[in-house]
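*Asks:* Mind having a look at this structure? Questions to follow.
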Amino acid sequence: MGDIAAQRPAAGAPIESAWGGQVHDAIEGIQSGKVTITGITSSTGVTVTVTFARAFSAPPVITVGSPSTQVGVGLLNITATTFQMRAVRWDGSSSAYTGEYFWLAIGTLA
């Protein structure tokens, strides 16, 4: 995401409404959440679909965090309204694993 278009205010100067509106629009373009995925094994990964609370105008940039070193998480089929997370165990274990995965999406809202 590029820099906002209006000139930034100087220290002590009043903030023009156009600049404040652009900052607000940029902040509004951030969404995040947490997904609990159950039944993750090395032989059959699990795919879940996440739907954004507000649609983006184009597919956003998404990052996902995994607290486990046993499980890898990837992103698939990113659109302006949804994306998929796929989790697979890396350690070769066939026992099912449950984990919470946090995501952050940044883009321009529709």
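The values are calculated or read from the model by the stated rules, or taken from the named source; none is laboratory data. Here the structure is a predicted model, which is why all the values come from computation and not from measurement. Neighbour counts run over all protein chains shown; Cβ positions are idealised from the backbone, glycine included.
*Asks:* Given the criteria modelled with pLDDT of 90 or more, of a type outside the set (Ser, Thr, Tyr), surrounded by 11 or more Cβ atoms within 10 Å (Cβ to Cβ) and under 16 Å from Tyr101 (Cβ atoms), does Ile30 qualify?
*Replies:* Details: modelled with pLDDT of 90 or more: yes; of a type outside the set (Ser, Thr, Tyr): yes; surrounded by 11 or more Cβ atoms within 10 Å (Cβ to Cβ): yes; under 16 Å from Tyr101 (Cβ atoms): no.
No.
*Asks:* Next question. So which residues in the range 59-97 are assigned to a loop (DSSP other than H, G, I, E, B) and at pLDDT 95 or above? First the steps, then the outcome.
*Replies:* First, pick out the residues of the range 59-97 that are assigned to a loop (DSSP other than H, G, I, E, B): 59-60, 66-70, 77-81, 90-96.
The answer is Pro59, Pro60, Asn77, Ile78, Thr79, Ala80, Thr81.
*Asks:* If a residue must be surrounded by 14 or more Cβ atoms within 10 Å (Cβ to Cβ) and either assigned to a loop (DSSP other than H, G, I, E, B) or among the basic types (Lys, Arg) (or both), how many such residues does the range 38-54 contain?
*Replies:* Of the residues in that region, 4 qualify.
*Asks:* Please go through the range 75-110 and pick out each residue that is under 15 Å from Thr38 (Cβ atoms) and in contact with a strand residue (DSSP E or B) (Cβ under 6 Å, 6 or more places away or on another chain).
*Replies:* Of everything in the range 75-110, those that are under 15 Å from Thr38 (Cβ atoms) and in contact with a strand residue (DSSP E or B) (Cβ under 6 Å, 6 or more places away or on another chain) turn out to be Met85, Arg86, Ala87, Val88, Arg89, Ala96, Tyr97, Thr98, Gly99, Glu100, Tyr101.
*Asks:* If you don't mind, another one. When you check Gly107 against the structure, is it touching a Pro at 6+ places or on another chain (Cβ under 6 Å) and modelled with pLDDT of 75 or more, yes or no?
*Replies:* Values: touching a Pro at 6+ places or on another chain (Cβ under 6 Å): yes; modelled with pLDDT of 75 or more: yes.
Yes.
*Asks:* Filter the range 56-78 down to the residues that are loosely packed, with under 14 Cβ neighbours inside 10 Å and over 12 Å from Phe102 (Cβ atoms) and list them by number. Step through it out loud before you land on a result.
*Replies:* Our first condition is that a residue be loosely packed, with under 14 Cβ neighbours inside 10 Å; within the range 56-78, this holds for 57-58, 61, 63, 65, 67, 69, 74, 76-77.
Answer for the range 56-78, where residues must be loosely packed, with under 14 Cβ neighbours inside 10 Å and over 12 Å from Phe102 (Cβ atoms): Ser57, Ala58, Val61, Thr69, Gly74, Leu76, Asn77.
*Asks:* May I pose another question? Just checking, how many residues over the range 37-51 are modelled with pLDDT of 95 or more and touching a Phe, Trp or Tyr at 6+ places or on another chain (Cβ under 8 Å)?
*Replies:* 2
*Asks:* Regarding the range 86-99, can at least one residue be identified that is loosely packed, with under 15 Cβ neighbours inside 10 Å, touching a residue at least 40 places away in the same chain (Cβ under 8 Å) and of a type in the set (D, E, K, R)?
*Replies:* Pass one, the range 86-99, residues loosely packed, with under 15 Cβ neighbours inside 10 Å: 90-96, 98.
The next check asks that each one be touching a residue at least 40 places away in the same chain (Cβ under 8 Å); those that pass are 90-96, 98.
Now narrow it down to the ones that are of a type in the set (D, E, K, R): 91.
Yes, the range 86-99 contains at least one residue that is loosely packed, with under 15 Cβ neighbours inside 10 Å, touching a residue at least 40 places away in the same chain (Cβ under 8 Å) and of a type in the set (D, E, K, R).
*Asks:* Just to be sure I understand the filter: pairs with C-beta atoms under 9 Å, separated by 6 or more residues or on different chains, first member in the range 42-57 and touching a residue at least 24 places away in the same chain (Cβ under 8 Å), second member of a type in the set (Phe, Trp, Tyr) and surrounded by fewer than 16 Cβ atoms within 10 Å (Cβ to Cβ). Which pairs pass?
*Replies:* Every condition considered, the pairs that remain are Ser42/Trp90.
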